[in-house]
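A short worksheet on the structure shown next.
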Amino acid sequence: MSTADYNRLFVPTYNRSGAPMVKGSGVKIYDSENNEYLDFGSGIAVNALGHCHPLLHEALLHQASELVHASNLYFTEAQIVFAEKLIKHSFADKVFLCNSGTEANEAAIKFARKWAKKISPQKFHVLSFSEGFHGRTYGALGATSQSKFHMGFEPMPQGFHYCPFNDFESAKKILDSEEFAAVIVEPLQGEGGINCATTVFLRQLREYTHKHSIALIFDEIQCGIGRTGTLWHYEQHNVIPDIMTVAKPLGGGLPLGATLCTEEISSAITPGDHGTTFGGNPLACALGTQILDTISDPVFLRRVKINGAWLKEKLVDVARKYDIIESVRGEGFLLGVRFKDNPQHIVQQCRDKGLLLINANLNTVRFLPPLIVTQEEINSAVGIFERVLSSL
């Protein structure tokens with residue numbers, strides 16, 4: 001499909017080209033011209049179990065034959081089962097279900113502000129960090145520090161502040177200057193260029209926010225649900241937030257997000273404060289239950305750690321050979337290769353040779369394979385990547 005065809009049909013919010021994708025199996029996806037690709041983008045970290053996983057297919061068929069939608073005016077069994085599993089496998093006491101990561105962050109910001117205003121009417125400010133990305137609706141966009149996403153959509157909502165990532169002293173100066181409701185941070189930044197928060201930084205934020213009655217929000221939309229080798233990335237730092245937002249792989253490919261929070265935060269919310277028509281849809285929740293059951297298995301997570309380390313080692317070996325590469329970053333299967341210059345042409349050439357990768361900020365190329373990827377498939381993907389680099 002040409003760019004002209006795309007622009008004829010769609011609002012041009014993406015740069016898309018090539019034949020439409022029509023089917024997938026495991027780590028592989030195929031277009032209408034029968035080209036085969038190793039999908040190391042996983043639908044932007046969504047397809048954690050790859051394409052057309054039999055367990056998800058079975059769960060989808062079963063739920064579709066029972067109930068697809070009933071609205072949040074009523075309980076649904078699939079939603080209750082799913083919410084109980086989210087709580088069982090996390091720090092949370094309560095869950096709000098929505099459709100996406102952006103919506104999860106919108107809810108998190110609203111919940112934090114409503115809770116904080118019980119303490120003081122002026123306690124509404126929100127702090128986030130450089131290179132962070134929290135979504136494209138106005139609240140989530142306001143919390144996103146990257147100015148390129150703001151251009152043309154100003155003014156941003158009031159009360160949002162930014163400071164350097166991993167710099168607690170700068171954060172403290174800002175936090176001391178206003179009455180803050182929340183601090184929102186990605187423990188491992190995805191869109192921003194695969195930047196890891198230090199344990200010390202997260203612990204300093206936890207100590208400060210607890211002392212000053214500020215909600216600490218962890219955005220694990222990209223780094224959560226097994227992608228870094230533990231079910232939640234916060235487990236690797238032993239730092240527990242007040243609110244956590246998750247989405248992407250949560251619904252097995254269907255739109256599903258969640259805002260997880262403590263009882264204290266939840267107690268500030270009353271009926272009518274927030275809502276969603278489709279959030280917690282029974283079909284998505286049925287897949288979400290299967291996702292959690294599968295990925296929370298310690299054997300599954302151990303395999304992610306082992307194979308993630310294998311991929312990182314292979315990428316580090318490649319990086320040693322090419323001085324256009326600055327570093328290899330990340331954990332598990334949330335990895336990035338940072339180049340000294342814009343790598344868009346490398347991403348395109350990899351696609352031409354059958355490997356799908358995704359750009360990120362700071363000249364970084366993300367490797368986000370399905371969590372079921374094998375070492376053989378990793379070797380094939382890295383082989384394509386290195387052949388492209390050697391041809392430059």
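The values are calculated or read from the model by the stated rules, or taken from the named source; none is laboratory data. Keep in mind that this is a model prediction, so the values were computed, not measured. All Cβ positions, glycine included, derive from the backbone under ideal geometry; neighbour counts span all protein chains shown.
Remarks
- Helices (runs of 4 or more DSSP H) wholly inside the stretch 1-71 containing at least 3 residues that are under 27 Å from the mean Cα position of the chain (by Cα) and not small (G, A, S): 54-64
- If the condition is being without any contact (Cβ under 8 Å) to a residue 24 or more places away in the chain and touching a strand residue (DSSP E or B) at 6+ places or on another chain (Cβ under 9 Å), then the stretch 143-156 contributes T144, S145.
- Candidates D219, D167, filtered to the one that is in contact with a His (Cβ under 8 Å, 6 or more places away or on another chain), within 27 Å of A360 (Cα to Cα) and modelled with pLDDT of 95 or more: D219
- Residues of the stretch 197-237 that turn out to be surrounded by fewer than 24 Cβ atoms within 10 Å (Cβ to Cβ), basic (K, R) and assigned to a loop (DSSP other than H, G, I, E, B), as a count: 0
- Selected residue [in the same structural domain as I119 (by TED's automatic domain parsing), basic (K, R) and over 22 Å from L127 (Cα atoms)] from K172, K248, K211: K248
- Only one entry in S170, S120, S128, S177 is touching a strand residue (DSSP E or B) at 6+ places or on another chain (Cβ under 8 Å), outside any helix (DSSP H, G or I) and either on the phi < 0 side of the Ramachandran plot or buried (at least 18 other Cβ atoms within 10 Å of the Cβ) (or both), namely S128.
- From the options A108, A143, residue that is surrounded by 22 or more Cβ atoms within 10 Å (Cβ to Cβ) and in contact with a Cys (Cβ under 9 Å, 6 or more places away or on another chain): A108
- The stretch 351-384, residues that are crowded, with 23+ Cβ neighbours inside 10 Å and assigned to a helix (DSSP H, G or I): I378, A381
- Where a residue in the stretch 128-142 is not assigned by TED's automatic domain parsing to the domain that holds Q222 and acidic (D, E) and its partner, wherever it lies, is assigned to a loop (DSSP other than H, G, I, E, B) and modelled with pLDDT of 95 or more, with Cβ under 6 Å and at least six apart: none
- Test: residue in the stretch 87-94 that is in contact (Cβ under 8 Å) with a residue 12 or more places away in the chain, in a strand (DSSP E or B), of a type outside the set (G, A, S) and surrounded by 23 or more Cβ atoms within 10 Å (Cβ to Cβ): no
- Close pairs from the stretch 326-349: first in the same structural domain as K312 (by TED's automatic domain parsing) and at positive phi, partner among the β-branched types (V, I, T) and not in a strand (DSSP E or B), Cβ under 7 Å, at least 6 apart: G330/I194; G332/T228; G332/V304
To keep it simple, each residue is scored yes or no on (1) more than 20 Å from C350 (Cα to Cα); (2) touching an Asp or Glu at 6+ places or on another chain (Cβ under 6 Å); (3) surrounded by 15 or more Cβ atoms within 10 Å (Cβ to Cβ); (4) of a type in the set (K, R).
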position	(1), (2), (3), (4)
L9	yes, no, no, no
V27	no, yes, yes, no
N34	no, no, no, no
P54	yes, no, no, no
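- Residue match in the stretch 210-225 (condition: free of Cβ contacts under 8 Å to residues at least 12 places away in the same chain and over 18 Å from the mean Cα position of the chain (by Cα)): yes
- Restricting the stretch 261-314 to residues that are of a type in the set (D, E) and in contact (Cβ under 8 Å) with a residue 60 or more places away in the chain, the residue that is surrounded by the fewest Cβ atoms within 10 Å (Cβ to Cβ): E263
- Which listed residue, of L250, L335, is closer than 30 Å to H69 by Cβ and among the aliphatic types (A, V, I, L, M): L250
- Yes/no for I240 being in a loop (DSSP other than H, G, I, E, B), touching a Lys or Arg at 6+ places or on another chain (Cβ under 7 Å) and within 20 Å of E331 (Cβ to Cβ): no
- Unique match (being of a type in the set (S, T, N, Q), in contact with a strand residue (DSSP E or B) (Cβ under 9 Å, 6 or more places away or on another chain) and not assigned by TED's automatic domain parsing to the domain that holds C285) among N47, N99: N47
- In this structure, G308 qualifies as under 20 Å from A197 (Cβ atoms) and assigned to a helix (DSSP H, G or I).
- Residue in the stretch 316-330 that is closer than 15 Å to G226 by Cβ and either touching a strand residue (DSSP E or B) at 6+ places or on another chain (Cβ under 6 Å) or not in a helix (DSSP H, G or I) (or both) present: yes
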